[in-house]
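Right, one structure below, let's go through it.
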Amino acid sequence: MKVVFYIGHHKVGSTALQTYLAQNWLRLAQAGILYPSVETRGFSSNLERALGAGDSAGVDDVNIREPHSALAYKMMSEVSEHRRVPPQFKRLPGSGQMLAAIQNQVRRLKPDTLILCSEAFANFGQVKPALIKTLCTAFPGASFEIYCALRRPDDYLISWHGQRLKVGEKLEPLSHGGAAGYFDNIHFNFRTVIEPWIERVPNARLILRPYDEIIAAGGSTEDFTRQLSCTFPEGMIPAGRANTSLPRAAMEIARCANHELPPPQAHALVQYLLAGKGLDPVKNRDVELFGAPVRTEMADRFGPIHDYLSGLRDGAPFFADYDDLTRTAPVSEGSAALDLLRQIRPGRIAGAEGTAIADFLAQHEARLSAPSSAGPSLKARTDG
């Protein structure tokens, strides 16, 4: 049996891929490819399909769609007091029971290929590398493939910044301290993602993919299925788009809202910005979120990491557009935010009863319109 570990990274299409694998569970199982469940909701869904319901598009339950994220987070929470299982994963058994459940499915279904897929696996090397060995030893005699997708660090940090803003976190601007907070962890030092897996699974086939090549291949599901050494069945249900991102022009508005508005109002505004109905923000590629000094520091720090990644690809530059890391976009964050603020109509925001959101938007528009507001970012309070 071959075991495939998809280890992320974050923000490279993992949600779409997990959706694709989950909603095609029966087709895959019939073709000898197992995307195993880890708890009762997943088992019930699979049983329903096997008894005649068949596969169908859309998987709303996160435990069914992302079972191996549930496993990964549970494993980390059991070895680190600083790690908690995200609240969307509910009523999980212990990780030992989850692994036993996977082993039982393997024993009964006898797949040719087992796929364990979660961006959370990217954290194992940083949290506790021994977790990698725990996973592998659960499948004695198996061969292994490790698939990892990586995004150029500036694009990645912007996407990760937006993801955190979507869930209401109170962050510093990337241009003023926010980027530096990532320099020593997996969100910037990609070597800490890859190297622990290489060291602990030395005979694995490593599939290391730059994000631009994944996009050129058609997306995360298309690239993943092409790169593995197994044949996926015909007639699979496409995943569609998942995990919509905030426009870059909206990120500083959302960041300030998380600091200055009560959580329900901040959430309502962020959802409105995500939907984008009636809004025409400055194009993402034209909005600068870091500034030249931060970009220069990122390039200096990431240079040795890029050399390491390139060495794993026979010395060719891992990111073909790596030099763009130091290129600043033409529109400042503040200018892009002001342009978007002038388009927002508070009355169209669901849950915007009262004046809090309208007052917040008016204050920020006035602040950015003032002659003294020059600079790449809004001067929001950061005292939480």
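Each reported figure results from applying straightforward, stated rules to the coordinates on display, with no laboratory input. No experiment lies behind these values; they were computed from the predicted model shown. Neighbour counts run over all protein chains shown; Cβ positions are idealised from the backbone, glycine included.
Brief remarks follow.
- Using a Gaussian network model of the chain in which every pair of alpha carbons under 10 angstrom is joined by a spring, one finds that among T355, T231, T296 the greatest mean-square fluctuation is at T355.
- Look at the dipole of the stretch 248-373 built from charges on Cβ: of M251, Q271, G291, the Cα furthest out on the positive end belongs to Q271.
- For the chain, the spread of Cα coordinates along the three principal axes comes to 69, 49, 42 Å, biggest extent given first.
- Cα extents for the stretch 117-251 along the principal axes, largest to smallest and rounded to whole angstrom: 49, 38, 23.
- In this structure, the amide hydrogen of I344, modeled 1.01 Å from its nitrogen in the peptide plane, lies closer than 5 angstrom to no residue at least 5 positions away or on a different chain.
- The HN-Hα couplings worked out from phi for the stretch 124-131 by the Karplus form 6.51 cos²θ - 1.76 cosθ + 1.60 (θ = phi - 60°) are 4, x, 7, 6, 6, x, 4, 4 Hz, whole numbers, x standing for Gly and Pro.
- Per residue, the chain reaches -13500 deg cm²/dmol at 222 nm when only DSSP H runs of four or more residues are counted, each adding -39500 (n - 2.57).
- Ordering of 362-369, 37-44 by burial proxy (mean other Cβ atoms within 10 Å per residue, highest first): 37-44, 362-369
- For I207, residues with placed amide H under 5 Å, excluding near neighbours: I146, Y147, C148
- Here the relative contact order of the chain, from alpha carbon pairs under 8 Å that lie six or more residues apart, stands at 20 percent.
- In plain terms, if you count all Cα to Cα distances in the stretch 248-373 and split them into 10 Å steps from zero, the share in each step is 12, 34, 25, 17, 10, 2 percent.
- Cα-centred dipole magnitude for the chain, charges only on beta-carbon of K, R (+1) and D, E (-1), debye, nearest 20: 920
- Gyration tensor (alpha-carbon) shape descriptor, the stretch 29-148, a/c threshold 1.5: oblate
- Between 0 and 90°, nearest 10: helix 263-275 axis offset from the chain longest Cα axis: 80
- Taking amide H as placed 1.01 Å from N in the peptide plane, the amide H of L34 sits under 5 Å from that of T113, L114, I115, each at least 5 places away or on another chain.
- Residue-by-residue Karplus 3J(HN,Hα) for the stretch 304-314, coefficients 6.51, -1.76, 1.60, Hz, glycine and proline x: x, 5, 5, 4, 5, 5, 5, x, 6, 10, 6
- Derived scalar couplings between HN and Hα for the stretch 325-334 equal 4, 9, 7, 8, 6, x, 10, 5, 4, x Hz in order, rounded to whole Hz, by the Karplus curve 6.51 cos²θ - 1.76 cosθ + 1.60 (θ = phi - 60°), x for Gly and Pro.
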